[in-house]
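First the structure, in the form of structure tokens, and then the observations on it.
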Amino acid sequence: MENTTARLYQAAKKLKGLTNPSQIARAFNTSPQTVKNWESRGMSKEGILKAQQIIGVSALWLETGEGNMQLLSDTTKLNLASLDSENKEESNNEDFITIDQFDIEVSCGPGINNASYPDFIRSINIPKNEFLEWFGRNKAMPGIQLVTIKGDSMEPTLPNKAIAFVDSNIKEFQGDGIYAFVLDGEAYIKRLQRIPGKIIAISDNPVYQPFYITAEMEERMHIAAKFIRVLPFNMREL
């Protein structure tokens, strides 16, 4: 069994009482086959970060075996996903939902490299009534993240340096919208629209030309998240 998966099984049993792949899959909201595949292939970065969020195991320990198995109190904000909703509501004003922002960027063109386990930058408190309006519920949602936009190809919809909410639970095309995706090793943010026989990837900035993703290319495309909302960052000279 691959080392990261062996450590996952060890931590899941010790920290959460999860004793088999089916129980872990349910906790991770994924298929048992995905968990079984990790036994030979090793855990994906996404799986490691999800394990850190859901069962409280250190991502560094999962990947390398170094340090402590369990997250310590001063490192609990080193995960990519929003923290558990019950813990967030206990530690913040009951009238607000807190979403964390991390030191990661997503590019409107190809080529952004981020640390595997990015540092926490800040928290944003959102009134519950606004959170309900935006996301259709009044509790924090695992997988809702804040990221920083880099590049101008999606302006004016996604301005350069803006902060955006993405839903990383969405891993496949779910209707027209703006997605972060990887195609042939290059990362993009584009508006995707399905047309007969293909998907068109559109830049909202008319300077950039659209391109087509054929059915054969779709097999090589990995969708990382779908964009939900954007918080523009307007820098003005005084």
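The values are calculated or read from the model by the stated rules, or taken from the named source; none is laboratory data. Remember, it's a predicted structure, so these values are computed and weren't measured experimentally. Note: ideal-geometry Cβ built from the backbone for every residue, glycine included; neighbour counts use all protein chains shown. Side chains included, ligands, DNA and RNA excluded: accessible areas come from the protein's heavy atoms. Shrake-Rupley method; radii C 1.70, N 1.55, O 1.52, S 1.80 Å.
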* Accessible area of segment 139-215 divided out per residue, in Å², using a probe of 1.4 angstrom -> 45
* Asked: Name the residues of segment 5-46 whose amide N is less than 19 Å from a point 7 angstrom out from the Cα of GLN70 along the C-beta direction?
  -> 7-19
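At 0.36 nm per residue, and after removing the present C-alpha to C-alpha distance, how many nm does the segment from ASN205 to ASN125 gain when stretched out fully?
25.7 nm
Could you compute the FRET efficiency for ASN169 and GLU218, with r as their C-beta to C-beta distance and R0 at 22 Å, rounded to 0.05?
Result of the calculation: an efficiency of 0.65.
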